[in-house]
Amino acid sequence: MNLCEIGRELERRYDGLVRVVQENPDLVVEVAREKLLEVCRFLKDTPDFEFNFLIFITAVDRVDYLEVVYCLRSMSNFRQIMLKVQVPADNPEVPSLTGIWPAAGFDERETYDLLGVRFSGHPDLTRILLPDDWEGHPLRKSYPVDKRPVRTY
C-alpha cells in the first residue's frame, strides 16, 4: 500500500476527523485531537502500515492556535508520515503517546517546556531543558523577549 492509499484509508476510516493535506513527496495528515491516540495505534498496529518508529514530536505557534506535529516512520515498509493536530492557544492539550511509543516521553517534555503543550497521561510532564523555576514557554510568540537578562561574555 502506498502513501496515497494510506491517506485515503485514514480519511475513509475516520470520516471528517482526519484530513489529508499533502500527499507528495510526504503524506501530511491533519488529525482531530480526540482521535489522535486511535489513529496512532491504527498506524502502528495495522500490518500493512507498521509505523513503528516515532521520529519526533514538536509544535508550531500559529498565534491563534498551536499545531502539534508528529513524524512517524515505518522501518519495515520504508515510508514516513506526518500527523498534525491543532489545539487552541489558550488550552494546548493533547493525549500523550508514551503508551504507544515510550520514546515520546522526551519529545513531549521538550514541547511542553518550550511551547506549553500539555500531554495528558504523560508519566512525568516536567521541564527537561529549562530550570524548574522558569516562567512561561520561550518558543511561544507571545513570550516577551526581555523576560530574562541576556548574559554577555
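The values are calculated or read from the model by the stated rules, or taken from the named source; none is laboratory data. For clarity, every value in this text was computed on a predicted model and none was experimentally measured. Counting neighbours? That spans all protein chains shown, and the Cβs are built from the backbone with ideal geometry, glycine included. Side chains included, ligands, DNA and RNA excluded: accessible areas come from the protein's heavy atoms. Shrake-Rupley method; radii C 1.70, N 1.55, O 1.52, S 1.80 Å.
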Filter the stretch 21-38 for residues that are of a type in the set (A, V, I, L, M) and assigned to a strand (DSSP E or B); the one that is most open to solvent (accessible area, probe 1.4 Å) is V21
When restricted to L114, L43, the only residue touching a Phe, Trp or Tyr at 6+ places or on another chain (Cβ under 9 Å) and either closer than 30 Å to I128 by Cα or not in a loop (DSSP other than H, G, I, E, B) (or both) is L43
- request: Check the stretch 42-49 and report whether any residue there is loosely packed, with under 15 Cβ neighbours inside 10 Å and touching a residue at least 24 places away in the same chain (Cβ under 8 Å).
  value: yes
Within the stretch 1-20, the residues that are surrounded by fewer than 15 Cβ atoms within 10 Å (Cβ to Cβ) and closer than 24 Å to S96 by Cβ are R13
Original post:
Do we have any residue at all in the stretch 84-99 that's open to solvent by less than 60 Å² (accessible area, probe 1.4 Å), of a type in the set (A, V, I, L, M, F, W, C) and under 20 Å from G7 (Cα atoms)?
Top reply: yes
Over the stretch 61-83, the set of residues buried (at least 19 other Cβ atoms within 10 Å of the Cβ) and under 11 Å from the mean Cα position of the chain (by Cα) is L66, V68, Y70, L72, L83
